[in-house]
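Undergrad: One structure coming up, written as structure tokens, with questions to follow.
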Amino acid sequence: VHMLLNACLTYAVNRRLIQTNPAAGVELRKVPRPAIQAWDAKEAAKFLAESKVDGLYPLWPLMLNECLRRSEALGLRWQDVDLDRGVIRIVQTVVPNRSDKGKAVIQKATKTAGSTRAVRLTAYSINALRVFRPKWESKRACSANWRDNDLIICTRDGAPISPDNVTRSFAAIVARAKVKAITPHGLRHTGATLLLTGGIHPKIVQDRLGHSSISTTMDRYGHLTDDLQQLAASSIDSLIASAAAEESPAQ
């Protein structure tokens, strides 16, 4: 709210409608960032297994394996997907229109400039999309009022689905999988956490997430520092031990 108000008042100052910007001197209260909600690998596997029968599939593996935001996964089109190369392009989003009861709107842009990106697909997601494509084609053929948005995840008539409306389906899958409750955005956090603790370089994770800088990524996942330090220490031990074994004379 302050950012919006400050921008409006700055505009007013520049247009000489007012002399000073009263929002410029406001001291904002620091709000602690909520703890990240994420699953371990076993919980993620249970969730993915249960998600296969959900009507919004393959939304779920795209959010978890490719670390996409809900809005990005819902905005993904078939023309943005190259299954042969295993790459998707994130170029648009689906967002709720708060002034129209949260109605889904296709936005021909991403959250930030850095969010427009290419993402390498996992083998799991490639297979999920290949299996889903004939079902999507059948849905399009059966619809008398198809909206040609080319959206992969859509209503039975091809219309976009609001990010707000996926929560119920997500909660049902979580209940069936019997894993701890997290928010849908926790799928993205789960993917990033598994990558970082698996030894993937933070720069790669940053690119996958679409963060504007690596500092944003590390600030968001700073709680993993101890795990990453332990991974680094173990890797050094392993490398030196292997080198020492190669140098030792055969017994």
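Residue-by-condition table, conditions (1) under 22 Å from Lys103 (Cβ atoms); (2) among the hydrophobic types (A, V, I, L, M, F, W, C):
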site	(1), (2)
Cys142	no, yes
Leu151	yes, yes
Cys154	yes, yes
Pro160	yes, no
Ser169	yes, no
Ile182	no, yes
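Undergrad: How many residues are over 24 Å from Ala128 (Cα atoms) and loosely packed, with under 12 Cβ neighbours inside 10 Å if we restrict to segment 80-110?
TA: Total meeting the criteria: 5.
Undergrad: Determine whether Arg130 is part of a helix (DSSP H, G or I), within 25 Å of Glu50 (Cα to Cα) and of a type in the set (Lys, Arg).
TA: yes
Undergrad: I would also like to ask the following. Scan segment 177-189 and tell me whether some residue there is without any contact (Cβ under 8 Å) to a residue 24 or more places away in the chain, farther than 23 Å from Val91 by Cα and out of contact with any strand residue (DSSP E or B) (no Cβ under 6 Å at 6 or more places or on another chain).
TA: yes
Undergrad: Pick from segment 111-141 the residues that are over 15 Å from Leu62 (Cα atoms) and at pLDDT 95 or above: which of them is most open to solvent (accessible area, probe 1.4 Å)?
TA: Step by step, filter segment 111-141, then rank; the result is Lys135.
Undergrad: So for segment 163-176 (the condition being under 21 Å from Gly114 (Cα atoms) and in contact with a Pro (Cβ under 8 Å, 6 or more places away or on another chain)), does at least one residue qualify?
TA: Pass one, segment 163-176, residues under 21 Å from Gly114 (Cα atoms): 163.
Imposing the further condition that a residue be in contact with a Pro (Cβ under 8 Å, 6 or more places away or on another chain) reduces the set to 163.
So far as segment 163-176 goes, yes, one or more of its residues are under 21 Å from Gly114 (Cα atoms) and in contact with a Pro (Cβ under 8 Å, 6 or more places away or on another chain).
Undergrad: Under 14 Å from the mean Cα position of the chain (by Cα) and crowded, with 18+ Cβ neighbours inside 10 Å: is that true of Leu196 in this structure? If you could, list the steps in order and put the result at the bottom.
TA: On the way: under 14 Å from the mean Cα position of the chain (by Cα): no; crowded, with 18+ Cβ neighbours inside 10 Å: yes.
For Leu196, the condition - under 14 Å from the mean Cα position of the chain (by Cα) and crowded, with 18+ Cβ neighbours inside 10 Å - is not met.
Undergrad: Looking for something closer than 20 Å to Gln37 by Cα, open to solvent by 50 Å² or more (accessible area, probe 1.4 Å) and touching a helix residue (DSSP H, G or I) at 6+ places or on another chain (Cβ under 8 Å) - is there at least one such residue anywhere in segment 201-217?
TA: Checking segment 201-217: at least one residue is closer than 20 Å to Gln37 by Cα, open to solvent by 50 Å² or more (accessible area, probe 1.4 Å) and touching a helix residue (DSSP H, G or I) at 6+ places or on another chain (Cβ under 8 Å).
Undergrad: Here is a follow-up. Any chance you could count how many residues in segment 63-107 are under 21 Å from Leu209 (Cβ atoms) and either over 13 Å from the mean Cα position of the chain (by Cα) or not small (Gly, Ala, Ser) (or both)?
TA: First pass over segment 63-107, keeping only residues under 21 Å from Leu209 (Cβ atoms): 63-77, 80-82, 85-95, 107.
If we keep only those that are either over 13 Å from the mean Cα position of the chain (by Cα) or not small (Gly, Ala, Ser) (or both) as well, we get 63-70, 72, 74, 76-77, 80-82, 85-95, 107.
Looking only at that region, the number is 27.
Undergrad: Does segment 176-189 include one or more residues that are open to solvent by 80 Å² or more (accessible area, probe 1.4 Å), in a helix (DSSP H, G or I) and modelled with pLDDT under 95?
TA: If we filter segment 176-189 for residues that are open to solvent by 80 Å² or more (accessible area, probe 1.4 Å), which is where we start, we get 176, 178, 180-181.
Restricting the remaining residues to those that are in a helix (DSSP H, G or I) gives 176.
From the residues that got through so far, the ones that are modelled with pLDDT under 95 too are none.
There is no residue in segment 176-189 that is open to solvent by 80 Å² or more (accessible area, probe 1.4 Å), in a helix (DSSP H, G or I) and modelled with pLDDT under 95.
The values are calculated or read from the model by the stated rules, or taken from the named source; none is laboratory data. Source: prediction; values computed, not measured. A quick note on method: Cβ atoms are made from the backbone with ideal geometry, for glycine too, and the neighbour counts reach across all protein chains shown. SASA here: full protein model, heavy atoms, side chains in, ligands and nucleic acids out. Shrake-Rupley method; radii C 1.70, N 1.55, O 1.52, S 1.80 Å.
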